[in-house]
Structure formats: C-alpha cells, structure tokens
Amino acid sequence: MSEQKRIVVVGAGMAGVQTAVALREQGFEGRITLIGAEHHPPYDRPPLSKAVLLGKTGTTAFEVDFDALGVELRLGLQVTGVRPADHEIDTPAGPLAYDSLVLATGADPVTLPGTVGVPGVHLLRTLDDALRLRPVLEAQQDVVVVGAGWIGAEFTTAAREAGCTVTVVEAADRPLAGTMPAEIAAPMSAWYAEGGAELLTHARVAAVEPGAVLLADGRRIPAGAVLVGVGARPATAWLAGSGIELGPDGSVTADAHLRTSAPDVHAVGDCASFPSGRYGARLLVHHWDNALQGPRTVAANILGGATLPYDPVPYFWSEQFGRFVQYVGHHADADEMIWRGDPGGLSWSVCWLRGGALVALLAVGRPRDLAQGRKLVEAGAALDPELAADPSVPLKSAVRKL
C-alpha cells in the first residue's frame, strides 16, 4: 500500500491498539487513525475487576507511544455509521474517509431490564465503571451481584476482599451455566461460601428498589449497590443499515481471514465471529487473548501479505476466590471428559477429548497442565485416558504413542 493510503481503526481497546501496532510492525507507512469512544487513553481491561476496583492503581493505560508510531489518536468520538460504498464512516464531527477500515468496537455489557439509569445499579466494563464502583467497596456496602459468571465471580472476590457483604443471585441452577457443564460448576459453587459470599441459584430478579433487590419468589435482599454481570454482546448496533453482515448473536460475521462482507473492511476482537476449521464451528470469543492475536492477521491481510486463516486455540484466565483459573480450547463437541485431581481441592484440571484428541482443558491452580495442554490442543494430540487421569503424570507424557 502506498503512503497515501489511510487505515481507520474504530475501537481503541486491545484489538484496536494492537491492530495499529501490527500495521506499523509489518511495514505500513501510510496514515493510521485510531478512534475511541471513551475519553481515557487506551487501556487494558483485566485489571479493572482487580487492582482498579481495590484502589491499587488508578490507570491501566497501554504503554504505547502513539506519537512515535505516527498513529492519529481520536478519543471521545462516537462513530455512528459506516457507508462502505463511499468508503466513509460517520461521526458527530463529520464523515471520515478510509481506504481500509477495521472494526474493533468490542462488546457492551448486557443490562438488566428496568435498571438502566437506576441509582446504585452498576456495570463493570469500562474504567469509569470501575472508578464508580471503587467507593462502594471502600464504604463496605452490602452488594448484590446479579449473575454468577466470570465477571460476577471476579467482582465478588474483590468486594469480599474489601469487606463488603455480598449476595450473588443467579437465574440458572449453577454458576457459569452458559459456559461450563454442571459437573464442573458444582465444585465452583462451593467457592462462594468459602469466600464468604452467599450464592442463590434459581433466583430471578423482579425489581431493584431503593436499598434492595426484589426476587421473583418474593425475597427481598438488602443492597446498597447492585452489580449486573449477566454477559456481553458485540458492540455493533451502529452498523445497522450498513450492509455489513451480522450474525444472530450480533457479531460481525468475518471470514477465515477476518474480512467482513464489505470490501476493504475487516473485523477483530470481541465484536467479530470467525469460522474455525479446528472446531468446525463459528466462534465468538470475548477474551483478551483473541484481541491480542487477531490484529496480526488483520494487518497482514490489509497489507497483502501471505497469511494463514485465523484459527486460534481460544484461551482465557480468571482470578477468583484465591484461585487462578485457566481455560484453553473449545469443548462443545467433545465426547469424553477426564478429571485430573480432586475438584474439592485447591488444584485440579479437566481434559476434554474428541475422538481421543485433546480439544480443551480447564486448569485450576495447575499452570503446568495449561501450558502443556495448550500445545497439545494446538497439535491435535491424542491422549491415553488412563494416563491423562493421573494428576501425577505430566500431560505431555500422556500422549498416545503412534
């Protein structure tokens, strides 16, 4: 691409920032404009539910010198639409032309019906969200957490560390109902009581009142503050009417090279789904590692370099209740599950196999299992189930010999 070319990246989170960095690293010398809706300099999100909430740090800004990279950073600018036929995006400041466009707008938290704007009801997605919640923890208020997913568990951990009384209400019959099988969630349920929090399952919220949460069964739970953590959806509403194809889940339906249905438009990170040949399914991955890896593929494709299809092994981690939880792979189509260790203990793992090959692994306090398992999933290695079930046997030693 010539120096006159202009690449516009919409979204200044991890995926957007890394796209700009990757473009420069791969030799692009033209104009790069990075647009962020927030006024804060681009920042990392994982510390929001930990260090920022607890007042251990006030910022998690990326250590990227945008001036040195020659990246035009436009903050506090909300993009309202895109017109692919004109190669322009629309903003309150006027239209902006592009030669290539990258959609990296991430995801928005799902809200609880009837609670938007209600005093004392919080979300946890942005730096401002975390800063608004910090005084709640400092005041050791009674907190109700709606949703026992990953973010609910992490926030509960921080709130308990701060000395808050925490009640977690979950509509399903267990934590992580949307992501983990019942057998896995069962031992995790005990972590809440162990951490000093009360977990209520089969509990639906009927209303949020001043100082309380009212459940559908009539129970009234005191609440100085409410944290809603019931999931996130791709931030793609602004693409309505653009002609860019979206999936039923709201994600931009990118192809195997992260190209969208519109010419010269790519999508990456939490807002984009992609077809995985490895797993035979379209994946929507809302995790930090995906936002780190995808930009390299996007940059290579924009610049015309040869690149393999984007087909990563998904990975994420969570710190909760004194445990480091890591997951790698995708277990939806697995046909065998193998435990490694006692799930009632502090460290254990679960392997998922499909046709004898390792396709996913959950590790609780067993980082070596995760490190070895990640390589084995990438290689499509077959495991000996008996050896894999022995936690004293390194996973790499459980590979079947051909």
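Is it the case that some residue within segment 267-274 is in contact (Cβ under 8 Å) with a residue 60 or more places away in the chain and aromatic (Phe, Trp, Tyr)? No, every residue in segment 267-274 fails to be in contact (Cβ under 8 Å) with a residue 60 or more places away in the chain and aromatic (Phe, Trp, Tyr).
With the structure loaded, tell me whether Ala148 is of a type in the set (Gly, Ala, Ser), within 24 Å of the chain's Cα centre (by Cα) and within 28 Å of Val265 (Cβ to Cβ) or whether it fails that test. Reasoning before the result, please.
Details: of a type in the set (Gly, Ala, Ser): yes; within 24 Å of the chain's Cα centre (by Cα): yes; within 28 Å of Val265 (Cβ to Cβ): no.
So Ala148 does not fit the description; no.
As a summary of the residue check, Val8 satisfies the conditions (1) under 27 Å from Thr157 (Cα atoms); (2) out of contact with any His (no Cβ under 9 Å at 6 or more places or on another chain); (3) at pLDDT 95 or above except for the one numbered (1).
Among the residues making up segment 365-402, those that are more than 18 Å from Pro314 (Cβ to Cβ) and assigned to a loop (DSSP other than H, G, I, E, B) are Gly365, Arg366, Asp384, Ala389, Asp390, Pro391, Ser392, Val393, Pro394, Arg400, Lys401, Leu402. Residues in segment 302-337 that are in contact with a Leu (Cβ under 8 Å, 6 or more places away or on another chain), polar (S, T, N, Q) and not assigned by TED's automatic domain parsing to the domain that holds Lys375: 0 in all.
For segment 278-306, the set of residues classified as under 11 Å from Ala15 (Cα atoms) and either more than 19 Å from the chain's Cα centre (by Cα) or among the hydrophobic types (A, V, I, L, M, F, W, C) (or both) consists of Trp288, Ala291, Leu292, Val298, listed by residue number. Of the residues making up segment 261-299, those that are farther than 23 Å from Ser242 by Cα, surrounded by fewer than 19 Cβ atoms within 10 Å (Cβ to Cβ) and of a type in the set (Gly, Ala, Ser) number 3. The residues on offer are Thr156, Thr105, Thr126, and the sole one that is over 30 Å from Thr260 (Cβ atoms), surrounded by 15 or more Cβ atoms within 10 Å (Cβ to Cβ) and not hydrophobic (A, V, I, L, M, F, W, C) is Thr156.
The rows are residues; the columns are (1) over 18 Å from the mean Cα position of the chain (by Cα); (2) surrounded by 14 or more Cβ atoms within 10 Å (Cβ to Cβ); (3) within 22 Å of Trp150 (Cβ to Cβ); (4) at pLDDT below 95.
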{"position": "Arg31", "(1), (2), (3), (4)": "yes, yes, no, no"}
{"position": "Ile35", "(1), (2), (3), (4)": "yes, yes, no, no"}
{"position": "His40", "(1), (2), (3), (4)": "yes, yes, no, no"}
{"position": "Ser49", "(1), (2), (3), (4)": "no, yes, yes, yes"}
{"position": "Gly58", "(1), (2), (3), (4)": "yes, no, no, yes"}
{"position": "Leu73", "(1), (2), (3), (4)": "yes, yes, no, no"}
{"position": "Val79", "(1), (2), (3), (4)": "yes, yes, no, no"}
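Taking strands (runs of 3 or more DSSP E) that do not extend beyond segment 167-260, which have at least 2 residues that are surrounded by 15 or more Cβ atoms within 10 Å (Cβ to Cβ) and in contact with a strand residue (DSSP E or B) (Cβ under 7 Å, 6 or more places away or on another chain)?
On the way: elements: 198-200, 205-209, 212-215, 220-222, 225-228, 232-234.
Here the list reads 198-200, 205-209, 212-215, 225-228, 232-234.
Among the residues making up segment 329-380, those that are closer than 30 Å to Ala193 by Cβ and surrounded by fewer than 15 Cβ atoms within 10 Å (Cβ to Cβ) are Ala332, Asp342, Gly344, Gly345, Leu346, Pro367, Arg368. In this structure, Ser349 does not satisfy being within 22 Å of Thr236 (Cα to Cα), touching a Lys or Arg at 6+ places or on another chain (Cβ under 6 Å), in contact (Cβ under 8 Å) with a residue 24 or more places away in the chain and in a strand (DSSP E or B).
Within segment 122-156, restricting attention to residues that are in a strand (DSSP E or B) and out of contact with any Cys (no Cβ under 9 Å at 6 or more places or on another chain), the residue that is nearest to Gly224 (Cα to Cα) is Val144.
The values are calculated or read from the model by the stated rules, or taken from the named source; none is laboratory data. In this text, all values refer to a predicted model and were calculated from it rather than measured experimentally. Note: ideal-geometry Cβ built from the backbone for every residue, glycine included; neighbour counts use all protein chains shown.
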